[in-house]
Structures are given as structure tokens and as C-alpha cells.
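Novice: A single structure is presented below for examination.
Here, each number is a calculation from the coordinates, and none is a lab measurement. Since we're looking at a predicted model, the values are computed, not measured. Positions of Cβ are backbone-derived with ideal geometry, glycine not excepted, and every protein chain shown enters the neighbour counts.
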Amino acid sequence: MNITTTYTGPHFWAATNSSSQAIRYRYHAVLDIIGYRKRKSLFGRYRNFIDVSSPDPDFHINGLERYKKPVAFPKDRFALTWNSTLVTGLRDQQSNLLSTGLQFHITPDGRLSPYIGAGYLYSLYNAGKMVPYIQGGINMDLLKF
């Protein structure tokens with residue numbers, strides 16, 4: 001007499017036959033891989049993580065149920081941005097102006113970003129005279145400190 005025994009779970013299927021010593025099985029392993037950014041405080045630096053887990057509670061890798069690893073992504077060293085600024089003077093009408101142009105940023109650590117820029121300054125006073133300008137400076141990202 002040939003008797004087949006089967007077991008079925010949400011991720012696992014197994015069958016054995018009484019006439020043979022073998023077992024047939026299938027395991028459907030599901031891995032959830034999530035990448036995310038997180039920081040410890042409001043003004044703290046962002047840290048990048050990759051989180052690997054499985055919805056199957058019986059899934060273990062040498063007793064490991066969940067794996068989390070901080071990952072560092074390469075930072076952009078240079079950036080080219082378009083900058084437009086509107087400056088208004090409430091008491092001095094001659095200080096009303098609009099500037100627009102390109103800025104080249106060097107971002108070695110992402111916190112302080114020295115830049116050099118060039119563009120045009122458009123004075124809203126004096127019949128809208130446009131004047132070319134060159135500027136330099138440092139931008140500071142307060143959220144990354």
C-alpha cells in the first residue's frame with residue numbers, strides 16, 4: 001500500500017511517499033528589502049540603511065530574523081544650480097532688484113558649500129537696467145550639522 005503524506009504552509013510545501021525514502025519539498029522564500037534614510041535628531045545627519053526581512057516567521061539565516069546595515073552612498077562633489085533672488089527695500093526704493101544666474105557649488109562634506117556664480121542683476125528702479133555680476137560665497141546647510 002502506497003501512502004503519501006503532505007504538509008502545506010504559507011511558504012513551505014513537503015510530500016513524502018511511504019514506498020520511498022525521499023522527501024520532496026518547495027520553499028517559497030520571500031525577502032523584503034527596503035532602503036531608507038533616518039536621523040537621530042532634528043538637526044542630525046541623515047544615515048542611509050538597507051533593511052532585509054521576511055514575512056515568514058520560520059525564516060532564519062543561522063538564527064538571524066532581521067538584518068539592518070547602515071550604508072553610505074557617495075556624495076555629489078559638485079553641483080550646478082540656477083539661482084534667482086528678489087531683494088526689496090521698504091525705505092530705499094533703489095535697493096529693489098532681481099538677480100538671476102548660475103552657481104557652481106563644491107560640496108566636499110555636504111554641510112558647507114563654497115560657490116562662485118555669475119548672472120544678471122535687474123534693477124527695478126532706474127527703468128530696469130540689467131547689470132552682469134559675479135559673486136562668491138559659502139552656503140551652510142543647517143539640517144546636516
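Novice: Starting with the highest mean, order 112-122, 78-88, 33-43 by the number of other Cβ atoms within 10 Å, averaged over the residues of each peptide. Present the calculation step by step, with values, prior to reporting the outcome.
Specialist: Values: 112-122: 15.5, 78-88: 10.8, 33-43: 9.2.
Most protected by this proxy first, the peptides run 112-122, 78-88, 33-43.
Novice: Now a separate question. Taking the square root of 5 times each eigenvalue of the Cα gyration tensor, what semi-axes in Å does the equivalent ellipsoid of segment 23-62 have, largest first?
Specialist: 35, 9, 7
Novice: Quote the Stokes-Einstein diffusion coefficient, in whole µm² s⁻¹, for segment 4-71, based on the Kirkwood radius over alpha carbon pairs, a temperature of 37 °C and a viscosity of 0.692 mPa s. Kindly include the intermediate steps, with their values, before the conclusion.
Specialist: On the way: Rh = 15.1 Å.
So the translational diffusion coefficient is about 217 µm²/s.
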